[in-house]
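Every number in this text was worked out from the coordinates using simple rules, so none of it is lab data. Every value quoted in this text rests on a predicted model; they were computed, and no experiment measured them. Every residue, glycine as well, gets a Cβ built from its backbone with ideal geometry; the counts of neighbours run over all protein chains shown.
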Amino acid sequence: MGTRLIGAMTRAGLAGLAALVLFAMPASAEVLGRSVDGQLGLQTPVTEVAREIVAFYDLVNYIIIAVALFVLGLMVYVVFAFGEKRNQTPSRTTHNTLVEVLWTVLPIIILVIIAVPSFKLLNLQYSYPKADLTIKATGNQWYWSHEYPDQGGFVFDSYMLDDDSREELIAKGLQAPRNLAVDNEVVVPINKVVHVLVTAADVLHNWTVPAFGTKTDAVPGRLTATWFKAEREGVFYGQCSELCGVNHAFMPVAVRVVKQETFDAWVEARKADEEEKAIEILHKAELELNGNKVAAAAQ
Ligand SMILES: [Cu+2]
């Protein structure tokens, strides 16, 4: 009976593997910084932490699918092979050492396979490399305030754009996705370690950017922290991820990753309190970046 069971386990395992091959199909055209219609899986990662999160997510998914298919296979097999018609005299077996050892040891091995990368990932997320830039993000009902203490401490608020303002930007060839685009984005240089100190002025909020793999609660009276090092230029969006009241869905986070020169120019404009000029610098950089992409695609 033990051998029959093991044979069934092997068959169920093979069925699981076949499903994994189907699951691991390649992603389609790349959109950075936000989710797209019909998306499967997580956003394209642009930091090491986010890449590791995606790898861990895939690993756990493969294991879940394999286990679910295996158990389903066993159940179908048992119903089929041990029904009254085919199995008139049931076995009176009460113990089977091999099977008992297997169903104890295999789950332990699976848990260890999950635990090792899980702890490695936690360690990566919470061992902060030395900061090149520190930003303070404060959650308010219902917008974010962002402060740059290293650059003289200028502060600005980030409010979600309404449809009219978005139309204006889109008409200029800029991207402004609905419920995500904001008036004043957080701006950071590419390939620099950015620490974000996060707090809240009223209730709990959460500062999140999925493509960076950052998600940190904003707690009134406390300072929490996260870090990222973005490896690609572009605008990366996230949404407040802690239910904070009626406009919770309308206080997105938008982080624009730019070249160091663009960042420096933007900081100068911000320091001089020239908000329009600062935004203009960013828009010019985005149009240039898009132009380069179009040119590269045409080659
Ligand atoms: Cu919220």
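Judged by the ratio a/c of the largest to the smallest principal axis of the C-alpha gyration tensor, segment 46-130 counts as oblate, that ratio being 1.5 or greater while a/b is no larger than b/c.
The H on the amide N of residue 154, modeled in the peptide plane, is under 5 Å from the matching H of 148, each at least 5 residues off or on a different chain. The relative contact order of the chain, computed from alpha carbon pairs under 8 Å that lie at least 6 residues apart in sequence, is 18 percent. Put in order of Cβ neighbour count within 10 Å, fewest first, the listed residues 242, 261, 48, 30 become 30, 261, 48, 242.
Between 39, 88, 151, the GNM of the chain built on Cα springs shorter than 10 angstrom shows 88 fluctuating the most. Sorted on the mean count of surrounding Cβ atoms within 10 Å across their residues, most packed first, peptides 75-85, 140-150, 215-225 read 140-150, 215-225, 75-85.
Ordered by the number of other Cβ atoms lying within 10 Å of each residue's own Cβ, fewest first, 168, 52 fall into the sequence 168, 52. As a proxy for reagent exposure, 232, 178, 86 were ordered by neighbouring Cβ count within 10 angstrom, fewest first; the result is 86, 178, 232.
In the elastic network of the chain, a GNM with C-alpha springs shorter than 10 Å, the most mobile of 191, 123, 179 is 123.
Relative contact order, whole percent, for segment 83-182 stands at 13, derived from Cα pairs under 8 Å and 6 or more residues apart. Farthest toward the positive end of the dipole of segment 133-298, out of 214, 290, 278, is the Cα of 214, where the dipole comes from beta carbon charges about the Cα centre.
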